[in-house]
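Heads up: the structure comes next, in structure tokens.
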């Protein structure tokens, strides 16, 4: 069994004395694992950092085996993010979420393209808003998409302010006022009425976390990955700047 495909490395974990197990999100083969012999060596380790784009060749005697990889590096976003702790935290979170959420060896159209678009956006000013949008797209790919187009109670599309934690449908300000304590805030940037910002990103991360935990994590008896929790903490911890992690006044 052998195939070649392009993809993004989601994780690289040591195996034995010199090998690593790579999880790669590929175009035609979905999230796929394989053993890279010599991957702990300096030359290969620098080419197989999580987030890197690669051309991978996978080979195994039988399709159900772990198999082994050969990889050709195509580029990495890490160099431009080393001095940007916030986007770097978003990169780690996205890779961890993709690894636990996407089914193994089952390609989903748009999964790799969406991740690559996010990686490109991490160098832009609205990287945090782009991350929230990516998690919404991930939920949609998995069949758990939210309906933010119109109010689930009235059918209108004006003053969308809340989201029902049960149905995932938007709720207008008037329809949700009596139940506001039971509803999730809907950030304005997700419905095109604001430019985002720290408070709205915090709301967006809370919104996507609720549905990711309920629909993706809890059915498999696990929680959100630590990298995702650290990203959320950057926005919810008071007195810290989400971009740098430094104390602010």
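The numbers here are math on the coordinates, done by the rules we state, and not lab data. This is a predicted model, so every value here is computed, not measured. In this analysis, Cβ positions are derived from the backbone assuming ideal geometry, glycine residues included, and neighbour counts consider all displayed protein chains.
Annotations
- Angle between the chain longest axis and helix 226-236 axis [Cα atoms, degrees, rounded to 10]: 30
- For the residues 143, 39, 67, a GNM of the chain with alpha-carbon springs under 10 Å puts the largest fluctuation on 143.
- For region 108-221, the relative contact order comes to 20 percent (Cα pairs under 8 Å, sequence separation of at least 6).
- Helix axis angle, 127-141 relative to the chain longest principal axis, alpha carbon, degrees: 80
- Region 1-20 and region 109-127: distance between their alpha carbon centers, rounded to Å: 22
- At q = 0.15, 0.17, 0.22, 0.25 Å⁻¹, base-10 log of I(q)/I(0) for region 78-166 (Debye sum, equal scatterers on each alpha carbon): -0.68, -0.81, -1.07, -1.20
- The distance from the alpha carbon centre of region 26-56 to that of region 214-229 is 25 Å, rounded to a whole number.
- Take every DSSP beta bridge whose two residues both sit in the chain; close to 90 percent of them are antiparallel.
- Additional length obtainable on full extension of the chain from residue 61 to residue 124, 0.36 nm per residue less Cα span: 18.3 nm
- Rg/Rg_ref, region 2-76, where Rg_ref = 2.2 N^0.38 Å and atoms are Cα: 0.97
- Against the chain, whose longest principal axis is taken from its Cα atoms, helix 85-101 shows a tilt of about 80°.
- Which of 65, 126 has the fewest Cβ neighbours within 10 Å, and the rest in rising order: 65, 126
- The chain - mean residue ellipticity at 222 nm from DSSP helices (-39,500 (n - 2.57) per run, n ≥ 4, rounded to 500): -10000 deg cm²/dmol
- GNM result for the chain, Cα springs below 10 Å: residue of 175, 121, 56 fluctuating most strongly: 175
- Pairwise FRET efficiency - residue 215 versus residue 153, Cβ, R0 = 22 Å, nearest 0.05: 0.50
- Zero-based 10 Å bins, Cα pair distances in the chain, whole percents: 7, 29, 32, 21, 9, 3, 0
- Segment residue 106-residue 206, length gained on full extension (0.36 nm per residue, minus Cα span): 33.2 nm
- Across 232, 68, 194, mean-square fluctuation computed from a Gaussian network of the chain (C-alpha pairs under 10 Å connected) peaks at 194.
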